[in-house]
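Before any comments, here is the structure.
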Amino acid sequence: MSFPLPSTPQGDDRMQDRIKFSDADFKVIADLAMRDFGLNLTSAKRDLVYSRLLKRLRVLGLEDFREYCALISGPNGTDERNAMLSALTTNVTHFFREEHHFKLLREVALPGLIKTAKEGGRVRIWSAGCSAGPEPYSLAFTVLSMFPEAARSNFRILATDVDPEILKKAEAGIYPEDERKGIPEAFNRFTESAGPGKFTIGRAARELITFGRLNLIEDWPISGPFQVIFCRNVAIYFDKPTQSRLWARFGDLLSPGGHLCIGHSERVLGPAEQMFKAVGITAYQRHPGIGRGAPSFEEPKK
Ligand SMILES: C[S@@+](CC[C@H](N)C(=O)[O-])C[C@H]1O[C@@H](n2cnc3c(N)ncnc32)[C@H](O)[C@@H]1O
């Protein structure tokens with residue numbers, strides 16, 4: 001069966017009547033996206049899958065979706081499966097997105113954590129699904145504004161994403177000037193100019209962060225505990241059972257009393273609800289005494 005034409009065929013879409021997209025092709029893509037990334041591609045996403053992956057076909061010089069499916073299913077398909085994920089999800093992010101979570105950090109979580117670090121204790125924050133970096137850098141700026149010596153203590157931020165290309169951007173940490181607008185004026189001191197129209201992240205913030213590739217639906221080479229986990233606007237791509245498992249795994253890795261911040265359209269549901277109490281807009285605190293207290297922390301293998 002061929003793919004139905006959209007009602008407004010224009011630009012890239014003009015090719016649609018020539019490139020077949022069968023039910024079987026869609027199933028191969030949807031099954032792989034679920035197996036490898038937990039991505040929930042329901043039939044309602046079929047148009048989106050077609051138009052986003054049509055661009056990949058062009059880049060790769062492939063004739064049709066059958067060839068594309070053969071590539072992503074084959075032994076040399078790893079890179080293209082990653083590119084497929086990038087094409088099907090969005091990396092949209094910005095500095096101090098959902099500011100209420102940073103307020104919670106400043107006012108509730110960080111005072112105690114900074115005290116712990118100053119007394120020689122270990123503090124770990126995880127930005128899971130960090131995209132191009134504004135989220136972990138915003139976390140670092142917030143920490144540094146309250147604890148300038150953080151890098152000389154055992155206070156660290158782990159920033160992970162499944163997409164190797166977006167991680168390269170995050171590590172480079174170079175942004176167009178107009179992305180600076182989300183950063184409160186007082187925090188501009190943690191940034192530096194990177195030439196005309198660009199800025200970058202200063203050393204103090206970089207020193208706090210370790211970047212690594214990590215697929216949230218696979219095994220995690222980390223053992224925690226974390227005191228804060230930000231996983232925002234990532235689980236939205238997963239189906240409900242995958243989301244439920246994710247919340248429970250975060251609960252297991254969080255210290256008693258630790259905070260979990262999730263995206264504006266996400267909710268902790270399922271068995272993990274018992275591990276958390278809601279403490280703000282899409283913010284949760286792990287109940288003390290429930291879940292596994294993980295004894296050690298290793299950085300993810302790169
Ligand atoms: C919309 S961005 C969210 C960025 C940031 N957390 C924020 O809220 O601004 C979603 C990110 O989730 C990542 N992602 C999607 N599936 C993932 C998975 N299975 N494991 C880890 N990261 C994933 C994508 O690569 C993308 O960078």
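The values are calculated or read from the model by the stated rules, or taken from the named source; none is laboratory data. Since this is a predicted model, take the numbers as computed values, not measurements. Cβ atoms come from the backbone with ideal geometry, glycine included; neighbour counts cover every protein chain shown. These accessible areas exclude ligands, DNA and RNA; they are computed on the full protein's heavy atoms, side chains included. Shrake-Rupley method; radii C 1.70, N 1.55, O 1.52, S 1.80 Å.
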Extension gain, Leu48 back to Ala278 (0.36 nm per residue minus Cα-Cα distance, nm): 79.4 nm
Which is the longest stretch in the chain that no exposed loop site breaks, taking sites as GluC sites (Glu not before Pro) with a DSSP loop state and at most 12 other Cβ atoms within 10 Å? 219-297
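Quote to one decimal, in nm, the extra length available between Lys103 and Lys118 on full extension: 0.36 nm per residue of separation minus the C-alpha distance between them. Provide the component values of the computation, followed by the final result.
Numbers: separation 15, 0.36 × 15 = 5.40 nm, distance 2.12 nm.
In short, 3.3 nm is gained.
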Helix 78-88 sits at what angle to the longest principal axis of the chain, using alpha carbons and giving 0 to 90 degrees rounded to 10? 90
Any idea what the relative contact order of the chain is, in percent, if you count C-alpha pairs under 8 Å spaced at least 6 apart? 16
Could you check how much of the accessible area of the chain is carbon and sulfur, as a whole percent, using a 1.4 Å probe? 54
Distance in nm between label sites at Ala172 and Lys27, each 7 Å beyond Cα in the beta-carbon direction? 4.1
Residue (of Ser153, Thr282, Ile29) at the positive-pole extreme of the chain, dipole from beta-carbon charges: Ser153
Determine the calculated [θ] at 222 nm for the chain from helices alone, applying -39500 (n - 2.57) to every DSSP H run no shorter than 4 residues and normalising by the residue count; nearest 500 deg cm²/dmol. -10500 deg cm²/dmol
